[in-house]
Every structure is written in C-alpha cells, then in structure tokens.
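The values are calculated or read from the model by the stated rules, or taken from the named source; none is laboratory data. Owing to the predicted nature of the structure, the values given are computational and were not obtained by experimental measurement. Here the Cβ positions follow ideal geometry from the backbone for every residue, glycine too, while neighbour counts run over all protein chains shown. For the accessible areas, the whole protein counts, side chains as well, though only heavy atoms, and no ligand, DNA or RNA atoms are used. Shrake-Rupley method; radii C 1.70, N 1.55, O 1.52, S 1.80 Å.
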Amino acid sequence: MGFFKDLFIVNEDKDKEPQTKEVQPQLKTTIPQQPQYNPSPVATAPAQQPINVPPVTIPGGNVDKNILEMIKEVIDKSNVPGNDYYELNKIVESQDFKNAIPDERARIIAAYHSLRAQDSKFDKQKISDSIDFYIKEVKSEYDNVLQGYNQYVNEKINGPKKKIEDLQASRQELLTKINQLDVEIQTIEAEVSKCTAELEAKRANYDATFNIVVQELENEKIKLNNILP
C-alpha cells in the first residue's frame with residue numbers, strides 16, 4: 001500500500017503522535033545535501049522588490065511533517081537526468097547558498113545562470129514544464145493514496161456501518177416478531193382463561209347436580225325401606 005499504509009493504517013505498536021504544525025508551510029523540495037554550484041556575479045546584486053507569490057493556503061487540517069517528507073520522496077524519485085526545476089530548487093534552498101546570498105531573488109537568478117552555463121537548453125520553459133511534471137507525479141501519488149484510503153474506509157468504516165444497519169434491521173424484525181408473538185400469546189391466554197372459567201363453572205354445576213341426584217336416590221332408598229313391609 002506504500003505511503004497510504006504508513007499514513008492511515010493504525011499501528012498499535014506505535015505510541016508516537018504525528019508531528020503537525022498549524023502554520024502555513026512554504027513547501028520546498030530540497031534535500032539536505034551540499035549541492036555543487038557556481039554562482040555568477042549577478043548573485044552579488046542588491047536585493048530587489050519582493051517576489052509576488054500567492055500565499056499557500058490549507059483548506060482544513062494541519063501540515064504533517066511525515067507526509068511532507070513522503071511527498072518530497074515522490075519528487076526525488078521522479079527526478080529525471082539533466083537540469084530542471086529540481087536542480088534549480090536544490091541549489092536555491094541549500095543552506096550554504098542561502099548564507100552566501102540571503103536575497104531569494106538574487107539566489108534564484110544566480111542558480112539559474114549557473115545551471116544555464118552548464119546546459120544551454122536550460123531555460124524558463126524547461127523549468128515550467130518540469131514543475132508541471134512534478135505536479136503530475138505528486139497528484140498521481142495522491143490519487144494512489146486516495147484509492148487506498150477509500151478502500152480502507154470501506155473496509156473499516158463503511159463496511160462495519162453497513163453491517164450495523166443490517167443487524168439493526170434484523171433486530172427490528174426480531175422485535176416486531178416478538179411483539180407479534182406477545183400479542184398471539186396474550187390472545188391465547190385470554191381464550192384459555194375464558195374457556196377455563198366456562199369449563200370450571202360447568203364442572204361445578206355437573207358435580208352439584210350429580211350429588212343432588214345421588215343424594216335424592218339415597219333418600220328414596222331409605223324412605224322406601226321404611227314404608228314397605
């Protein structure tokens with residue numbers, strides 16, 4: 001599952017909380033290495049006006065350092081031979097280059113001319129095209145992770161939710177059946193009680209009548225024995 005497994009599947013053996021930061025990040029794809037660069041004299045030019053770049057916005061959630069590192073790995077692995085945005089950014093964001101040229105605009109221009117001196121085909125269009133390429137690679141990885149995420153959600157959330165709904169439906173059916181059985185039991189109990197009362201009354205009447213007849217016959221026997229010679 002790749003990055004998805006590392007990011008979303010809960011590992012009970014890990015007690016470590018994810019590292020997050022709530023500030024808006026400036027995403028850089030640099031690697032903490034010492035790049036080889038050859039700054040041009042342009043780098044010593046005085047600082048110019050700030051570069052107007054739209055601020056990075058986060059539509060919810062926090063930036064996770066682990067995820068950021070994984071995305072950087074995608075860009076690292078996607079790097080193609082030759083100079084493009086990756087190599088330019090690597091130089092611009094290197095700490096030594098920052099120390100030598102604090103101004104970002106001057107740093108970018110110096111790195112650009114240095115790489116262009118190595119490769120005449122290195123230009124703004126190649127930089128722009130390579131950025132589009134890295135965006136495509138990052139989005140492709142995002143889609144892969146999202147696919148795994150959706151499958152995991154179906155397995156761990158949607159599937160169990162559906163089972164709960166099915167069990168609740170079965171429970172409701174059982175409750176309905178129990179209610180029906182209770183009504184049936186009550187109906188039969190009422191019929192049994194009514195029949196019992198009727199039969200016991202008839203039995204009592206029969207016993208009383210039988211006893212009277214037997215008693216009268218016994219009295220007749222005594223009477224006749226006294227009357228007849």
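Within region 108-124, can you find the residues that are open to solvent by 40 Å² or more (accessible area, probe 1.4 Å) and assigned to a helix (DSSP H, G or I)?
ILE108, ILE109, TYR112, HIS113, ARG116, ALA117, GLN118, LYS124
To keep it simple, each residue is scored yes or no on (1) in contact with a Pro (Cβ under 8 Å, 6 or more places away or on another chain); (2) assigned to a helix (DSSP H, G or I); (3) open to solvent by 70 Å² or more (accessible area, probe 1.4 Å); (4) of a type in the set (Val, Ile, Thr).
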site	(1), (2), (3), (4)
ASN144	no, yes, yes, no
THR176	no, yes, no, yes
ALA208	no, yes, no, no
ASN211	no, yes, yes, no
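Scan region 158-184 and report the pairs whose first residue is in contact (Cβ under 8 Å) with a residue 12 or more places away in the chain and whose second residue is of a type in the set (Lys, Arg) and open to solvent by 100 Å² or more (accessible area, probe 1.4 Å), with Cβ atoms within less than 7 Å and a gap of 6+ or a chain change.
Once the first residue is in contact (Cβ under 8 Å) with a residue 12 or more places away in the chain and sits in region 158-184, no partner that is of a type in the set (Lys, Arg) and open to solvent by 100 Å² or more (accessible area, probe 1.4 Å) comes close enough.
Taking region 75-107 as the search range and keeping residues that are hydrophobic (A, V, I, L, M, F, W, C) and either within 38 Å of the chain's Cα centre (by Cα) or open to solvent by less than 60 Å² (accessible area, probe 1.4 Å) (or both), which one is farthest from PHE133 (Cα to Cα)?
ILE101
Might you check whether a residue that is closer than 30 Å to ASN89 by Cβ and either open to solvent by 60 Å² or more (accessible area, probe 1.4 Å) or part of a helix (DSSP H, G or I) (or both) occurs anywhere in region 181-201?
Checking region 181-201: not a single residue is closer than 30 Å to ASN89 by Cβ and either open to solvent by 60 Å² or more (accessible area, probe 1.4 Å) or part of a helix (DSSP H, G or I) (or both).
Within region 159-168, identify whether any single residue is within 30 Å of VAL74 (Cβ to Cβ) and open to solvent by less than 90 Å² (accessible area, probe 1.4 Å), and answer yes or no.
Yes, some residue in region 159-168 is within 30 Å of VAL74 (Cβ to Cβ) and open to solvent by less than 90 Å² (accessible area, probe 1.4 Å).
For region 125-137, state whether one or more residues are more than 30 Å from ALA110 (Cβ to Cβ), in a helix (DSSP H, G or I) and either among the aromatic types (Phe, Trp, Tyr) or open to solvent by 70 Å² or more (accessible area, probe 1.4 Å) (or both).
No, that holds for no residue.
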